Structure formats: structure tokens, C-alpha cells
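The values are calculated or read from the model by the stated rules, or taken from the named source; none is laboratory data. Not measured: the values here are computed from a predicted model. Just so you know, the surface numbers come from the protein's heavy atoms only, side chains and all, with ligands and any DNA or RNA stripped out. Shrake-Rupley method; radii C 1.70, N 1.55, O 1.52, S 1.80 Å.
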Amino acid sequence: MVEALDKGDPRNRVPKRDQVSLLSAPFTGSATPFFQTEYRYAVIDWISPNVAFVNERLSRGARLRTWMVDPSAPSGGMPKLVWDRSLEDRYSDPGTWVYVQDPASDRLVPLRSSDGRYLYLRGNGASAEGERPFVDRFDLTTGKTERLWQSAAPYYEQVLQVVDRDANRIITQRESPTEAPNAFVRDLRSKSLTQITKLGDPAPYFANVKSQLITYTRPDGVKLSATLYLPPGYDKLQGRLPFFFWAYPREFQSADAASQLTGSPYQFKRPGRQNYLMLLMHGYGVLDGPTMPIVGTNGKEPNDSYIDQLVASAQAAVDKIVDMGVADRDRIGIGGHSYGAFMTVNLLAHSDIFRTGIAESGAYNRTLTPFGFQAEPRTYWEAPEIYNAMSPFNYANKINEPVLLIHGQRDDNSGTFPIQSERLFAAIKGNGGNVRYVQLPLEPHGYTARETQRHLLWEYINWLDKYVKNAPPRTTTSATATSPAPK
């Protein structure tokens with residue numbers, strides 16, 4: 001059991017935040033205090049009667065501490081700090097424990113070596129060269145890790161499972177830009193690799209699409225990245241392409257963490273739930289996942305400069321693909337889902353970078369989420385100016401680009417009830433703007449029906465063909481600018 005020593009209010013200053021206590025079967029006696037945390041208690045990973053890992057998390061500082069303790073000793077014995085790291089730092093992520101089914105209890109438990117000395121970790125292996133998944137072993141006597149294996153170019157290979165207790169063999173899923181994902185058994189002793197599945201390309205018509213992981217820099221020095229897709233058979237000699245962006249912003253406490261690379265240039269990409277990739281078959285270029293970091297600087301919260309950073313990131317992405325000679329600056333649209341939809345409408349309200357936007361299941365009036373959203377720690381009453389400045393609903397009269405709003409009518413996400421799209425539609429329409437509102441019957445926050453996926457693609461193509469691919473030249477002064485200025 002866990003007790004909040006700060007009475008559940010993180011603003012109270014206390015030496016210890018939470019207390020973890022143990023209660024033995026048959027659970028009729030008094031609980032025995034076991035461990036106290038300086039940060040907020042997160043979770044315990046139970047390994048054995050005398051080994052456990054206690055995790056504590058500091059949300060505002062985005063930090064995570066992991067302690068190795070002895071549950072059989074009073075107060076956890078002499079706790080040993082194993083990791084103390086920033087949750088934002090993907091490059092230092094040690095990974096997660098490898099679990100197996102315990103036949104005695106039918107529970108998932110961490111896999112332990114035959115001599116009991118080691119546990120195993122698998123992770124994404126984020127790095128400046130892209131993700132390189134790995135498997136490590138953790139020494140319970142020293143608290144140190146040793147790398148057993150890591151994915152290497154030109155493949156993206158992730159660990160699905162460790163086969164035996166001493167990690168002599170692992171099962172991986174291996175892929176490349178031209179080879180579909182398949183499962184393999186990799187023998188770490190003999191270095192042999194045996195393929196155990198032979199799955200083909202699920203979308204062979206997509207095989208000639210060109211993809212590239214690109215990097216670029218925002219004016220404030222924050223490094224950004226995205227995956228660039230070009231249609232089959234495209235050549236720059238054919239001219240510049242209409243483009244569609246799909247993005248989702250994230251908050252960070254440091255510029256270094258925000259600049260870290262995401263994804264891998266060696267992954268096999270095909271349309272799945274990512275309907276927007278099908279636009280490549282209709283003559284569009286696609287910029288997938290252009291990073292939109294919102295960074296807190298000089299002791300301020302990230303959202304204190306949300307709009308400025310959002311516009312700067314979007315402008316940097318546009319400038320990059322235009323400088324590469326593949327994109328027509330005057331024919332670019334943007335879209336996103338949930339917080340990505342919120343981002344989309346804000347970009348249309350506060351800049352003239354894009355010709356149109358597609359916003360799925362977003363929240364546009366932050367006064368309707370008054371107790372915080374995403375990583376925003378302040379309530380509406382503590383920072384009304386931030387909530388109002390970030391609400392594109394308040395700037396509906398400035399949205400002069402066409403907007404396609406889409407929302408599931410059974411959205412089960414508390415921050416994005418359908419009323420958000422309904423009210424924004426009315427606000428834009430009432431101010432003379434160009435907006436279409438598509439309601440998806442029976443759909444929750446994430447759309448699932450096959451009919452819905454097909455309908456969405458129909459909406460995308462028709463909307464973007466009209467307002468991006470075949471859009472007339474801009475009539476505003478920003479049309480002739482090298483970089484369209486914010487409104």
C-alpha cells in the first residue's frame with residue numbers, strides 16, 4: 001500500500017513524498033513501512049523475496065529514479081540507486097525488463113538467468129543515428145548492465161523475446177526499407193540467424209515510394225527531424241510536389257532533449273492506420289512526424305511560448321523541404337489527431353504557412369479542460385492568459401484557410417468531447433470562414449471501423465485536391481514572401 005505523505009498535494013513541501021508499506025497475508029494486521037520516496041511513487045518491480053526495484057517519478061522535472069531494495073530487510077535494507085535519469089532523455093533510456101510467464105503462479109515475472117545473477121533489459125536504443133534496439137543483461141550483484149546485442153545498419157531489428165534463461169538465443173523482428181518485417185531466431189553464441197516467418201509485402205504498390213529521415217534546425221537552435229516520403233517514380237525534374245504534413249507536438253524541459261532524433265531510417269513503412277500515407281499514391285509528398293517540440297526555457301513553462309515555438313517548427317520544416325527542391329511552398333497542408341488537431345488549428349489561426357488543415361478529434365477551447373492538459377501543470381485559474389492564448393477557438397475570426405474538422409461521436413477521451421469540434425465549426429462558420437465538419441457515428445477517440453478508414457481517405461483526397469493540389473495562387477501578401485510571416 002502507498003500513502004501520500006504530502007496529503008496528496010504536490011505543492012506541499014515535505015522531506016519525503018510517499019510511503020510504501022507492506023501488509024502480509026492474511027492482511028488483518030498492521031502495515032509495516034517499507035520505503036519512503038522523495039519523488040512521487042511510480043511502481044515496484046518484484047523480482048524475488050529479497051530483490052525489488054522501486055521507481056519514483058518527478059513529473060515537473062521529468063526525472064525517474066530506480067532503487068534496488070531488499071523487501072525482506074527492514075525499510076528495504078540499504079537501497080541502491082540504479083538509475084537517476086531524465087524521462088525526456090531517450091538516448092539514456094535503459095529499456096524495460098524482459099518478462100516471461102511463471103508456470104507456478106501464471107504471472108508475468110522478470111526473466112532471471114539460471115544462476116540467479118542476471119536480469120535482462122530490452123530497449124529502443126535511441127541515438128543520434130536513429131533507433132538501434134538492444135538487449136542488455138543487468139547484474140544484480142553490481143547493479144551494472146552489459147550489452148549483449150544491438151541492431152545494426154542497414155536493418156532495423158527489435159527484440160521480441162529472450163528464448164532461454166541465459167540469453168543465448170533471442171527472437172527478433174527484422175526489417176529494412178525494402179524488406180518486410182519477419183521474425184528470426186538469433187543465436188548470440190554462434191552469431192547465426194534463422195528466419196522463422198516469411199511474410200511478404202502487405203502493400204507492394206507502396207514498394208517504390210522513396211523515404212528519407214531528414215534533420216533540420218529551428219532558428220533558436222533546437223534540432224528537428226521528420227520522415228520524408230516521395231511518390232513512386234517521382235523525380236525532381238517533374239517539378240515540385242504538393243505536400244501534406246502529419247504531426248503531434250510534445251513538451252520538453254530542455255532544448256537538448258527536444259533535439260534528440262526519433263525513428264530510424266531503416267524501418268519498413270507501409271500504410272496502416274496512417275491513412276495519410278495513401279496520399280503518396282495520389283501525387284502528394286508526405287512529411288510524417290515533423291517534430292514540434294515546445295521547450296521550457298529560463299525557468300518558464302513550455303506553454304508560455306507555445307504559439308511562437310509551434311510556428312517556428314512548422315516554418316523550419318517547410319523551409320527544409322522547399323530547399324531540398326521537392327515541395328511547392330504554395331501547396332502544403334497540415335493535419336493531426338487529438339493534440340495534433342489542436343496544433344493544426346493553431347497554426348492556421350496564427351500563421352499563413354499552410355493552405356489548409358485537417359483536424360481529427362481535437363480540443364480547441366482550453367477553458368473546457370481547466371485542470372490541465374498534456375504536460376501543462378497549471379489550472380485555468382492559475383494561468384488564464386495561457387489557456388486563452390493557446391485556444392484557437394478564441395481566434396476563429398483569424399482562420400482564413402479552409403479547415404476540415406473530423407470527430408468520433410463517441411469520443412471517450414475526457415479532453416476531446418465532440419462539443420469541441422461542434423463549437424469550433426460554429427465559430428469559424430459564424431465568422432465567414434471555410435469549414436467542413438465530418439461526424440463519425442459510433443467511433444471513439446481512436447477510429448477503428450474499416451468503413452471509417454475508407455471514408456477518411458475519401459475526405460482527405462477530395463479536400464486536399466481542392467485546397468492544396470489544385471489550389472489557386474495565394475492572393476495575400478504572404479504569397480510572395482520567402483517564408484510566410486505569422487499573422
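Solvent-free Debye calculation, one equal scatterer per alpha-carbon of segment 301-456: log10 I(q)/I(0) at 0.10, 0.12, 0.19 Å⁻¹ equals -0.36, -0.52, -1.20.
Based on the Kirkwood radius over alpha-carbon pairs, what value in µm²/s does the Stokes-Einstein equation return for the translational diffusion coefficient of segment 15-86 at 10 °C and 1.306 mPa s? D = 125 µm²/s. Within the assembled protein chains, the solvent-accessible surface assigned to Val51 is about 20 Å², based on a 1.4 Å probe. Ranking Arg436, Arg11 by solvent-accessible area of protein heavy atoms (1.4 Å probe, all protein chains present), from largest to smallest, gives Arg11, Arg436. Note: segment 45-168, Cα convex hull, 124 Å³ per residue. In segment 186-269 the Cα-Cα distances spread across 10 Å bins starting at 0 as 12, 30, 27, 22, 8, 0 percent of all pairs.
For the chain, the fraction of 1.4 Å probe accessible surface lying on carbon and sulfur atoms is 51 percent. Each 5 Å bin from 0 upward holds the following percent of the Cα-Cα pairs of segment 132-172: 6, 22, 27, 24, 15, 6, 2, 0. Counting only the Cα atoms, segment 215-368 fills a convex hull of 115 Å³ per residue.
Accessible surface calculations at 1.4 Å, restricted to protein heavy atoms, place the chain at 48 Å² per residue. The fraction of Cα-Cα pairs per 10 angstrom bin, counted from 0 for segment 274-349, comes to 16, 46, 29, 8, 1 percent, rounded to whole percents.
Of Ser24, Ser151, which has the most accessible area and how do the rest follow, probe 1.4 Å?
Descending accessible area places them as Ser24, Ser151.
When the alpha carbon coordinates of segment 210-250 are projected onto the principal axes, the ranges are 34, 19, 16 Å, largest first.
Counting only the heavy atoms of the protein chains, how much of Asp323 is accessible to a 1.4 Å probe, in Å² to the nearest 10? Asp323 exposes around 130 Å² with every protein chain in place. Within segment 201-341, antiparallel bridges make up roughly 45 percent of the DSSP beta bridges whose residues both belong there. For segment 379-437, the direction-averaged projected area of the alpha-carbon convex hull comes to 4.5 nm². Tell me, rounded to the nearest percent, the portion of alpha carbon pairs in the chain spaced more than 33 Å apart. Above the 33 Å cut-off, the chain has 49 percent of its Cα pairs. Evaluating 6.51 cos²θ - 1.76 cosθ + 1.60 at θ = phi - 60° for every residue in segment 187-192, the Karplus couplings come out as 8, 6, 7, 8, 6, 8 Hz, glycine and proline recorded as x. Compared with the dominant principal axis of the Cα atoms in the chain, helix 306-323 is inclined by about 70°. Using the Karplus relation 6.51 cos²θ - 1.76 cosθ + 1.60 with θ = phi - 60°, the per-residue 3J(HN,Hα) values for segment 80-85 come to 10, 6, 9, 9, 9, 9 Hz, with x marking Gly and Pro. Pairs of Cα atoms under 8 Å, at least six residues apart: use those to get the relative contact order of the chain, whole percent. Relative contact order of the chain: 8 percent.
Computed from the C-alpha gyration tensor, the three semi-axes of the ellipsoid equivalent to segment 111-225 are 30, 23, 9 Å, from longest to shortest.
Distant-in-sequence amide contacts of Arg63, defined by a placed amide H-H separation under 5 Å and a gap of 5 or more residues or a different chain, comprise Leu58, Leu87. Across segment 277-286, rounded Karplus estimates of 3J(HN,Hα) from the backbone phi angles (6.51 cos²θ - 1.76 cosθ + 1.60, θ = phi - 60°) give 5, 5, 5, 4, 7, 10, x, 9, x, 10 Hz, Gly and Pro being marked x. Relative to its residue count, segment 180-219 spans a Cα convex hull of 139 Å³ per residue.
Among DSSP beta bridges whose residues both lie in the chain, state the antiparallel percentage, nearest 5.
Roughly 70 percent of the beta bridges in the chain run antiparallel, per DSSP.
Largest accessible area first, the residues Met390, Met78 order themselves as Met78, Met390 under a 1.4 Å probe with ligands, DNA and RNA left out. Quick one: helix 339-350 against the long Cα principal axis of the chain, what's the angle to the nearest 10°, folded into 0 to 90? Between the helix axis and the principal axis of the chain, the angle is about 40 degrees.
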